[in-house]
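Here the structure comes first, spelled out in structure tokens, and everything after it is commentary.
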Amino acid sequence: MTTLVEELAGRGHRIEVITSLPWYREHRIEPGYGGRLVRREDTPWGSILRLHPFPTEDKTDIVRRASSFVGFTALAAAKGRSGGRADVVLAVSPPLTLGLAGRSIAKARGAAFVFNIQDVFPDIAIELGVLKNPALIRIARALEKRCYRKADRITVLSDDLRINIAERTSDPSKIRVIPNFVDTQAISPQAAANSYREEHGLQGKTVVMYAGNIGLSQSLDLMISAAAASQDDPSLAFVINGGGAARADLEDRARGLPNIVFVDTQPMARLPELLAAADIHVVVLKRGLARSSVPSKTFSILAAGRPFVASVDTGSEIATIAERSGAGIAVPPEDAESFTKALRHLADNPEERAEMGRRGRDFVEGWASPAAVARRYEELFLECAGGR
């Protein structure tokens, strides 16, 4: 979203951003931002309004998380309704409740409402078993349908997601597929030998890396299984880079394995170096989730010129990207044997890895650049605003 704002601002648009105080990395308000519910920042292209997110540290506590979403949604709607006429309001889900805030702001300010779906909720929460109560599921489903019905346009990341939600809206024609993008200038192929490897004792190793959120959606137990099966190979190292609700349990399960390293979430400026430090990246989703979620990290991996192994549902968008790009190997979800076999194949074939990396880079350059995606959003916004 940050890059989208920058691209649209560069095309001459005025933008108001309503977001949270920084909190996601540690699930608490970051130092320097506490003590106030609301902070406003003026920018050359408009303004940023930062609101308290009412964070909860335990992502499995569905009641407290729902309360946080409701609190932030109410505050966002109240603050966003004030101000002059706007042309378009873009709201991002999850959380699903922000569809209500987006619609409320759009109505108050005479704007069209565009609802952007990054992950389909409540599908993911139901698949993961986090949302089990039948009454809460009915409420979530009703909220989902209301948000789709009230939106003037709905944007999704893939055809999988479009098909998924088409049957839940009365007008499937208002759904548009606009992928997330990757900055192919900021992220480019680099040498693997860098300071990241030096910091974590990875010099001279073939590095298998997962980088991203360590949450309930990712089947990262596959990384533990693959590391355990590869203990006899001192040249192979596994890295799990990131934070999230499932990290502590994973670290407990990996205790005693000499070939796996856990690394905290890195600053965004260090992303190109982090991606380059791996020889093989992994994208893992639990069974049934790949049709409700498209991990955007896949495009960053391709931009970095690295191959990947994806443990995802057959026929899903990520599996299709692996095949179309020629840069990935897709295996069935939660299949430790197939996952480990694919990793071992790439580890044993460095020339094949290099060729896959080149194919991936070529693919992403023509598929998802920031300028191309911003142009598609601009065209959509102009369509919604009647050309204003």
Q: Tell me, please, whether a residue that is outside the structural domain of Thr320 (by TED's automatic domain parsing), surrounded by 15 or more Cβ atoms within 10 Å (Cβ to Cβ) and of a type in the set (Asp, Glu) can be found in region 167-175.
A: no
**Q.** Extreme residue, farthest from the chain's Cα centre (by Cα), among residues of region 87-139 that are hydroxyl-bearing (Ser, Thr, Tyr) and surrounded by 21 or more Cβ atoms within 10 Å (Cβ to Cβ)
**A.** Ser104
Q.
Given (1) surrounded by fewer than 17 Cβ atoms within 10 Å (Cβ to Cβ); (2) under 29 Å from Arg375 (Cα atoms); (3) not β-branched (Val, Ile, Thr), identify the lone condition not met by Leu143.
A. (2)
Q: Output yes when any residue across region 31-38 is surrounded by fewer than 16 Cβ atoms within 10 Å (Cβ to Cβ) and assigned to a strand (DSSP E or B), and no when none is.
A: yes
Q: Being closer than 20 Å to Val38 by Cβ and either surrounded by fewer than 18 Cβ atoms within 10 Å (Cβ to Cβ) or of a type in the set (D, E, K, R) (or both) is the filter here, so list the residues in region 70-86 that pass it.
A: Val70, Gly71, Ala74, Ala78, Lys79, Arg81, Ser82, Gly83, Gly84
Q: Output the residue which, of all residues in region 48-69 that are touching a helix residue (DSSP H, G or I) at 6+ places or on another chain (Cβ under 7 Å) and not in a loop (DSSP other than H, G, I, E, B), is surrounded by the fewest Cβ atoms within 10 Å (Cβ to Cβ).
A: Leu49
Q | Within region 195-204, tally of residues that are in contact with a helix residue (DSSP H, G or I) (Cβ under 9 Å, 6 or more places away or on another chain), surrounded by fewer than 17 Cβ atoms within 10 Å (Cβ to Cβ) and in a loop (DSSP other than H, G, I, E, B) | A | 2
Q.
So Ala237 ticks every box in (1) surrounded by 19 or more Cβ atoms within 10 Å (Cβ to Cβ); (2) at pLDDT below 95; (3) among the aliphatic types (A, V, I, L, M) but one. Which box is left unticked?
A. (2)
Q. Taking into account only those residues within region 152-200 that are in contact (Cβ under 8 Å) with a residue 40 or more places away in the chain and of a type in the set (Lys, Arg), which is farthest from Leu275 (Cα to Cα)?
A. Arg153
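The values are calculated or read from the model by the stated rules, or taken from the named source; none is laboratory data. Predicted, not measured: the structure shown is a model, and the values here were computed from it. Ideal geometry is used to build each Cβ from the backbone, glycine not excepted, and the neighbour counts take in all protein chains shown.
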